[in-house]
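Structure, as structure tokens:
The values are calculated or read from the model by the stated rules, or taken from the named source; none is laboratory data. This one's a predicted model, so the numbers in the text were calculated from it and none came from an experiment. So basically every Cβ, Gly included, is an ideal-geometry build from the backbone, and we count neighbours across all protein chains shown. Please note that ligands, DNA and RNA were not included when accessible areas were found on the heavy atoms of the full protein model with its side chains. Shrake-Rupley method; radii C 1.70, N 1.55, O 1.52, S 1.80 Å.
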Amino acid sequence: MGQLSFEVLLSHSPRDITQKGYEKKRSKLIGAYLPQPPGVDQALPQERRTPVTPSSSSRYHRRRSSGSRDERYRSDVHTEAVQAALAKHKERKMAVPMPSKRRSLVVQTSMDAYTPPDTSSGSEDEGSVQGDSQGTPTSSQGSINMEHWISQAIHGSTTSTTSSSSTQSGGSGAAHRLADVMAQTHIENHSAPPDVTTYTSEHSIQVERPQGSTARVAPKYGNAELMETGDGVPVSSRVSAKIQQLVNTLKRPKRPPLREFFVDDFEELLEVQQPDPNQPKPEGAQMLAMRGEQLGVVTNWPPSLEAALQRWGTISPKAPCLTTMDTNGKPLYILTYGKLWTRSMKVAYNILHKLGTKQEPMVRPGDRVTLVFPNNDPAAFMVAFYGCLLAEVVPVPIEVPLTRKDAGSQQIGFLLGSCGVTVALTSDACHKGLPKSPTGEIPQFKGWPKLLWFVTESKHLSKPPRDWFPHIKDANNDTAYIEYKTCKDGSVLGVTVTRIALLTHCQALTQACGYTEAETIVNVLDFKKDVGLWHGILTSVMNMMHVISIPYSLMKVNPLSWIQKVCQYKAKVACVKSRDMHWALVAHRDQRDINLSSLRMLIVADGANPWSISSCDAFLNVFQSKGLRQEVICPCASSPEALTVAIRRPTDDSNQPPGRGVLSMHGLTYGVIRVDSEEKLSVLTVQDVGLVMPGAIMCSVKPDGIPQLCKTDEIGELCVCAIATGTSYYGLSGMTKNTFEVFPMTSSGGPITEYPFIRTGLLGFIGPGGLVFVIGKMDGLMVVSGRRHNADDIVATALAVEPMKFVYRGRIAVFSVSVLHDERIVIVAEQRPDSTEEDSFQWMSRVLQAIDSIHQVGVYCLALVPANTLPKTPLGGIHLSETKQLFLEGSLHPCNVLMCPHTCVTNLPKPRQKQPEIGPASVMVGNLVSGKRIAQASGRDLGQIEDNDQARKFLFLSEVLQWRAQTTPDHVLYTLLNCRGTIANSLTCVQLHKRAEKIAVMLMERGHLQDGDHVALVYPPGIDLIAAFYGCLYAGCVPITVRPPHPQNIATTLPTVKMIVEVSRSACLMTTQLICKLLRSREAAAAVDVRTWPPVLDTDDLPKKRPAQIYKPSNPDTLAYLDFSVSTTGMLAGVKMSHAATSAFCRSIKLQCELYPSREVAICLDPYCGLGFVLWCLCSVYSGHQSILIPPSELETNPALWLLAVSQYKVRDTFCSYSVMELCTKGLGSQTESLKARGLDLSRVRTCVVVAEERPRIALTQSFSKLFKDLGLHPRAVSTSLGCRVNLAICLQGTSGPDPTTVYVDMRALRHDRVRLVERGSPHSLPLMESGKILPGVRIIIANPETKGPLGDSHLGEIWVHSTHNASGYFTIYGDESLQSDHFNSRLSFGDTQTIWARTGYLGFLRRTELTDANGERHDALYVVGALDEAMELRGMRYHPIDIETSVIRAHKSITECAVFTWTNLLVVVVELDGSEQEALDLVPLVTNVVLEEHYLIVGVVVVVDIGVIPINSRGEKQRMHLRDGFLADQLDPIYVAYNM
């Protein structure tokens, strides 16, 4: 096996076809500009040549490339140009970071996959194959001298996260690789993360190589060593080295800067490509239409094709018409003209008379029927086709539908439906092979009309009566047949060919090819359409020729079969594609008995493909010695609409060489023909496809716009005027007009003839001597930034990068997708199963460079998919439109992806330059700022509200509790529910008071605490927490509530507990017995140093006595409690809440929500910080209402718990978090009916408030409202609140006051810190919901965060707040000392400079609405856009992560969650994948596309992870900074990491 894979690889290497003549031609064309180092042929390494044994058929399978889009690309000259271009790149060492992939995704055949060959030992040219049991060539086996530059970069980085494979490959070791990558990668060590946009001096860190090849590095995370970045954050080398590589790569100067703009209806302008002033322009005169020779009328030509069949069938019935072959190459069957005539008549008779009834026949003359015949049965097809012609019905030949969901089969069904087909003719064998239902019927294929399947084998048909004869007319304008054509977008059209066109075409081909009676012709092409049909089925019958038909299945087994048949039958003519010539070359070795001297014409059907020339040349070189003459090779050009467009005539004169054009690729991209070229590497060599057909006129017109004649040196679409062409697209008059009725115009504006021309869909020009040259197809045209590229040219360049090792030759698809107002090139190739990750990645990187050098165009995305997974056309080619569809909908499932948006996307808006803001000098008149009302608003004034609030008499909450315990001792304040919804515990006023007293005693006696000491309360959500809190107040201690560690996850949750305890300087820690044990457990000891805990008190065991006295604070401004919270940016901040602020806070909430002792409120929140804690612990004591407490963790076992409780207790007000709402929306989505049956009723709820510290999640609240509307929930009941560190609750919807409003703002304006209101549904619109009503006693103003000046109404700025319940300052800030006091005492820089405000750190705006609030004044709505410290500054604009995340989540159904962050100016997108790991790579292009389209940003890194990897805190907010640290420390275990170039 080892030997075999070697041969297969080598048999494709460009030096197989080496003959002196070829060498000469090659050196003439390319030698002058190949960089030739002394003695080394750099383009083609000649080291490891092994002797190749004679071919055996088992090897054909390995070597064969399947597909119709392949060997026409086989340009050896081109290969060398590509290799030379890559060699030039060698000097520019470019380190491209290789994507990391989880090991389960790496589908491998040998250990080598994980271990690159050890380049450090031995000389590099030996390329020794180590540890290679299966004989897979290692990645150093290519032309290593030339690939050195990239192999270095790629072998440096590593694909697997463990270094376990290092000993298995002769000791190469991961240690070396790591050292390599470290030594090569410049790691900047400035104090700030490097800026990609500027050039900076770089200091590379030298890492010493470990001594000895088996040295193992002790892995820290995987195999990454830790290093410090400039800002002191330890990062793992593996990820950040790659990012650094990426940063360095991106620093290479990009394309030249672009100038002008086009307006995208906003000032954020996309750049528009300006024409290059030096671009080549056509300079020739206007072309003249080219007329073909006269179509000579030969007297004995038949008046119609049926007449010819009748003549030969009766005059020479024994003459052979068609010989079919079996898969062994033996003649299977010979169809004579006699049999063809009688059987066709039989079919005609049966179609017309045996379907349906006598009165109602199913098929009448002129109706369409479809022909479904396999590729190995031309005889049955031929009989059926002529049967249709004789019956005057219209055959529509199609491919056999293999499965119900064959690629493109649906579109074919649509064609059949539109043609009104009801009958399908098929062969017996084919009928048996079609998929059947259990009852034996053939199911209806997807999108197909209902068909009657009719078998045309003679034995199944009735004999026509003696007196019945078909009606044979002269050819007329009735439709003869319909040929299907697949368009670029995958739709299928039917081209109608009339009987007169059919006959004239046969005559023109007979004249052009010089066909004579009884010639033998070998046909390898598909006989159902195109050249194969025209020569092998139609023209052959007109001339009574004998066709030897070679099926595709035989070619697969024996690629030489057609050459053998030419020898065996001494055939005069053969019809092939360049693929067939290539296959023959690969397999021809040592076939001694081949003689091709009988051939007078070798028709190359795809001769119009620019890459067929190399196959023709190579074929001639090898087979010239076997009797093949140069003038025999006749390329032709054809199209479904224009039939044969041009064909090279067979001549007897061998002195006249065929036409050649060596064209500048650069000129071609501008549609201009330039023969000489400075950039000698990028040329396209094309051959002529002969002359215009007899009886036709040809011209070329500009490809787009009005059909104006081209100049002589301009590329245009070839148009033909002749009888022998198609006449329309069946049933599509509009498209027919554009294609079949074109009147080319001269420059003066008049048409050149009164006859219509037909667009052929071919791009080309008419050269000297009337020779036609084709350089591509309209369908393959991709216009990128105003330049035209041809898909086939790009395929050829990709294939010239010695692909044989990595991808299958014929399995490459190139297409363009539209992203951000331009076409972007995508290449998809099938990867060989034995190529390693590194090989493939190396190949991909080189393809990008080759295409960049030769075509001067960037590739947007290059994807490799596993072998045999691209959708196929029936003959094995790639179904392009289907591939593109799969790519765009994210179901292509690639195994490797490389995206290069940084090089391709050059039309992004200019980065924004910040304008200096106008300072205090701007005019302020009263409450106006430069013409706008100042954005300020306030809740109701606390002083003016008359209410019988008894609790106001008391300054301190501890006093309120004592008063309630005396006046209403048995009133229940708290009820705690368990996961079954039953009451687990409850507390009355007096129970709480007595419990708090006992805890106070415990603190003073057992804890020996003084008043003012800090106590950490580590409790699960419940009643113990509340009692402990009031116990602290009674003892004069300052409580801090801390979330207990999670028993299943101590390692990550306990350090946070420890940190809060330490930072808050707690003198003691109170908790339950259970958590006590947890804190002393072995797991805890592994996570933190347990010896440094303060004393731990267990409140399950309380003293029985009461305290001598209850502590009363001396001053309301002293500290009541500390509120600690970890922000989403990973900052731990504790704020001080004084007694005065705490009481004011409770009063404000009481007034806003109208809370009284008779009320019940359901609370499903975490009680550790912010408004959640206040509602859980404080409000009931202050207002006297009953709180029904539902720990959110209980919802994980019973999602309906919260709503059932709300319904059961007839609650009017309830509070929850976003995570609770999400749990209900996801967990109960399908259960609303059963909940209704259980009596769930939410009609009494008037406020359901989401407690949050972020922009309202409007999509979630809306889907929640919609989902539970059926259960009585009023949509206006659902609202959100807003709190932050400086003020724990600024807004809360409350009971009275207008409904929350929603506005739509332009997302692009927001990036520029501006608010622009737009209509709902307009592009780039973003819905923002008001964050509840401003609480009583709260004043808000919007200020500019930089200048601190006040802003006008509807202007975006920072929300500043002034209120009696503001926190009084930070206790300590852990991790960032820059957040100083100005958060709590800022003043405006002008206007009202006296008031002291607290800065919330949130961007938002105020907008006066038309609604009136409770005071009868117009209502000011506050809209929050996002936190300033979460926002990302990119390209000078401010982006809020949530906006990018929302776009990304919409991009693919498998993305469940997304988080974005920046790292060294790169945007990193992390997505959670809900699906198989095979889908991971589908997401990379989709994520990149959507962020480009909607946000004008290029994604730097896409990380695909498992569900649940993105950390989310108790409020349901994403912890993006934790995620960032985890990513950089390589702790995420991602499924895939893609680094976009």
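Kindly indicate which of 492, 557 is among the β-branched types (Val, Ile, Thr), surrounded by fewer than 24 Cβ atoms within 10 Å (Cβ to Cβ) and in contact with a Phe, Trp or Tyr (Cβ under 6 Å, 6 or more places away or on another chain).
Going through 492, 557 in turn, the sole match is 492.
Check 363, 372, 347 and return the single one that is in contact (Cβ under 8 Å) with a residue 12 or more places away in the chain and either within 21 Å of residue 485 (Cβ to Cβ) or of a type in the set (D, E, K, R) (or both).
Every option except 372 fails the conditions.
Among 552, 569, 515, which is surrounded by fewer than 24 Cβ atoms within 10 Å (Cβ to Cβ), out of contact with any Ser or Thr (no Cβ under 9 Å at 6 or more places or on another chain) and either at negative phi or among the β-branched types (Val, Ile, Thr) (or both)?
552
Go through 1467, 1492, 1481, 1497 for me and flag whichever is assigned to a loop (DSSP other than H, G, I, E, B), in contact with a strand residue (DSSP E or B) (Cβ under 9 Å, 6 or more places away or on another chain) and over 30 Å from residue 1042 (Cα atoms).
Selected residue: 1497, the only one of 1467, 1492, 1481, 1497 that is assigned to a loop (DSSP other than H, G, I, E, B), in contact with a strand residue (DSSP E or B) (Cβ under 9 Å, 6 or more places away or on another chain) and over 30 Å from residue 1042 (Cα atoms).
Among the residues in segment 1516-1524, are any farther than 25 Å from residue 1043 by Cβ, among the hydrophobic types (A, V, I, L, M, F, W, C) and either modelled with pLDDT of 90 or more or open to solvent by less than 10 Å² (accessible area, probe 1.4 Å) (or both)?
no
Listed residues 316, 304; which is modelled with pLDDT of 90 or more and touching a Leu at 6+ places or on another chain (Cβ under 9 Å)?
On the way: 316 fails: touching a Leu at 6+ places or on another chain (Cβ under 9 Å).
Answer to the selection: 304.
If we keep just the residues of segment 753-778 that are crowded, with 18+ Cβ neighbours inside 10 Å and of a type outside the set (A, V, I, L, M, F, W, C), which is farthest from residue 609 (Cα to Cα)?
My answer is 759.
List every residue pair whose Cβ atoms lie under 7 Å apart, where the two residues are 6 or more positions apart in sequence or sit on different chains, the first residue falls within segment 1040-1058 and is without any contact (Cβ under 8 Å) to a residue 24 or more places away in the chain, and the second residue, located anywhere, is open to solvent by less than 50 Å² (accessible area, probe 1.4 Å) and in a helix (DSSP H, G or I).
Pairs found: 1046/1053.
Return yes or no: is residue 428 charged (D, E, K, R) and in contact (Cβ under 8 Å) with a residue 12 or more places away in the chain? Lay out the reasoning, then the answer.
Values: charged (D, E, K, R): yes; in contact (Cβ under 8 Å) with a residue 12 or more places away in the chain: yes.
It is true that residue 428 is charged (D, E, K, R) and in contact (Cβ under 8 Å) with a residue 12 or more places away in the chain.
Grab the helices (runs of 4 or more DSSP H) fully contained in segment 1104-1215, keeping just those with 3 or more residues being within 30 Å of residue 1233 (Cβ to Cβ).
The helices (runs of 4 or more DSSP H) meeting that bar are 1201-1208.
Under 7 Å by Cβ, and 6 or more places apart or on different chains, what pairs join a residue from segment 1441-1461 that is outside any helix (DSSP H, G or I) with one that is small (Gly, Ala, Ser)?
1452/890; 1454/1475
So which residues in segment 871-880 are under 30 Å from residue 667 (Cβ atoms) and surrounded by fewer than 22 Cβ atoms within 10 Å (Cβ to Cβ)?
877, the sole residue that qualifies.
Among the residues of segment 645-661, write down those that are at pLDDT 85 or above and under 30 Å from residue 784 (Cβ atoms).
Residues satisfying the conditions are 645, 646.
Considering only residues of segment 321-343 that are free of Cβ contacts under 8 Å to residues at least 60 places away in the same chain and of a type in the set (Ser, Thr, Tyr), which is surrounded by the fewest Cβ atoms within 10 Å (Cβ to Cβ)?
333
Consider segment 1144-1169. How many of its residues are open to solvent by 10 Å² or more (accessible area, probe 1.4 Å), touching a residue at least 60 places away in the same chain (Cβ under 8 Å) and within 17 Å of residue 1294 (Cβ to Cβ)?
6
Restricting to segment 1032-1069, what's the tally of residues that are in a helix (DSSP H, G or I) and charged (D, E, K, R)?
The qualifying residues number 2.
With the checklist (1) modelled with pLDDT under 90; (2) open to solvent by less than 20 Å² (accessible area, probe 1.4 Å) in hand, flag the one item residue 402 doesn't pass.
(2)
Go through (1) more than 30 Å from residue 572 (Cβ to Cβ); (2) more than 43 Å from the chain's Cα centre (by Cα) one by one and return the number of the condition residue 431 breaks.
Checking residue 431 against (1) more than 30 Å from residue 572 (Cβ to Cβ); (2) more than 43 Å from the chain's Cα centre (by Cα), the one that fails is (2).
I'm checking my understanding of the structure. Among residues of segment 1280-1306 that are over 22 Å from residue 1129 (Cβ atoms) and modelled with pLDDT of 90 or more, which one is surrounded by the fewest Cβ atoms within 10 Å (Cβ to Cβ)?
The extreme case among them is 1302.
Would you confirm whether or not segment 1246-1261 contains a residue that is of a type in the set (Ser, Thr, Tyr) and under 39 Å from the mean Cα position of the chain (by Cα)?
Within segment 1246-1261, one or more residues are of a type in the set (Ser, Thr, Tyr) and under 39 Å from the mean Cα position of the chain (by Cα).
Based on this model, can you work out whether residue 1484 counts as within 24 Å of residue 845 (Cα to Cα) and without any contact (Cβ under 8 Å) to a residue 40 or more places away in the chain? Write out each step before concluding.
On the way: within 24 Å of residue 845 (Cα to Cα): yes; without any contact (Cβ under 8 Å) to a residue 40 or more places away in the chain: no.
Taking the combined requirement at face value, the residue does not satisfy it.
Does residue 1127 meet the test of being among the small types (Gly, Ala, Ser) and surrounded by fewer than 24 Cβ atoms within 10 Å (Cβ to Cβ)?
Yes; evaluated as a whole, the condition is true for this residue.
So how many residues does segment 462-489 have that are within 17 Å of residue 391 (Cβ to Cβ) and open to solvent by less than 20 Å² (accessible area, probe 1.4 Å)?
Final tally of qualifying residues: 4.
Right, residue 1255: of a type in the set (Lys, Arg), in a helix (DSSP H, G or I) and within 16 Å of residue 1300 (Cα to Cα) or not?
The answer is no for residue 1255.
Name the one entry in 1209, 1182 that is more than 39 Å from the chain's Cα centre (by Cα), in contact (Cβ under 8 Å) with a residue 24 or more places away in the chain and open to solvent by 20 Å² or more (accessible area, probe 1.4 Å). Break it down into steps so the answer makes sense when it comes.
Working: 1182 fails: open to solvent by 20 Å² or more (accessible area, probe 1.4 Å).
The match here is 1209.
Examine segment 947-959 for a residue that is of a type in the set (Gly, Ala, Ser) and modelled with pLDDT under 85, and state whether such a residue exists.
Within segment 947-959, one or more residues are of a type in the set (Gly, Ala, Ser) and modelled with pLDDT under 85.
Across segment 1070-1087, what is the total count of residues that are among the hydrophobic types (A, V, I, L, M, F, W, C) and either closer than 21 Å to residue 1003 by Cα or in a strand (DSSP E or B) (or both)?
Residues meeting the conditions: 5.
Might you let me know whether segment 814-831 holds any residue that is free of Cβ contacts under 8 Å to residues at least 24 places away in the same chain and of a type in the set (Gly, Ala, Ser)?
Scanning segment 814-831 turns up at least one residue that is free of Cβ contacts under 8 Å to residues at least 24 places away in the same chain and of a type in the set (Gly, Ala, Ser).
Name the residues in segment 850-870 that are surrounded by fewer than 19 Cβ atoms within 10 Å (Cβ to Cβ) and farther than 17 Å from residue 782 by Cα, would you?
Once the filter is applied, which keeps residues that are surrounded by fewer than 19 Cβ atoms within 10 Å (Cβ to Cβ) and farther than 17 Å from residue 782 by Cα, segment 850-870 yields 866, 867, 868, 869.
Please state which of the following conditions residue 1286 fails to meet, knowing it meets all the rest: (1) under 39 Å from the mean Cα position of the chain (by Cα); (2) in contact (Cβ under 8 Å) with a residue 60 or more places away in the chain.
With respect to (1) under 39 Å from the mean Cα position of the chain (by Cα); (2) in contact (Cβ under 8 Å) with a residue 60 or more places away in the chain, residue 1286 is out only on (1).
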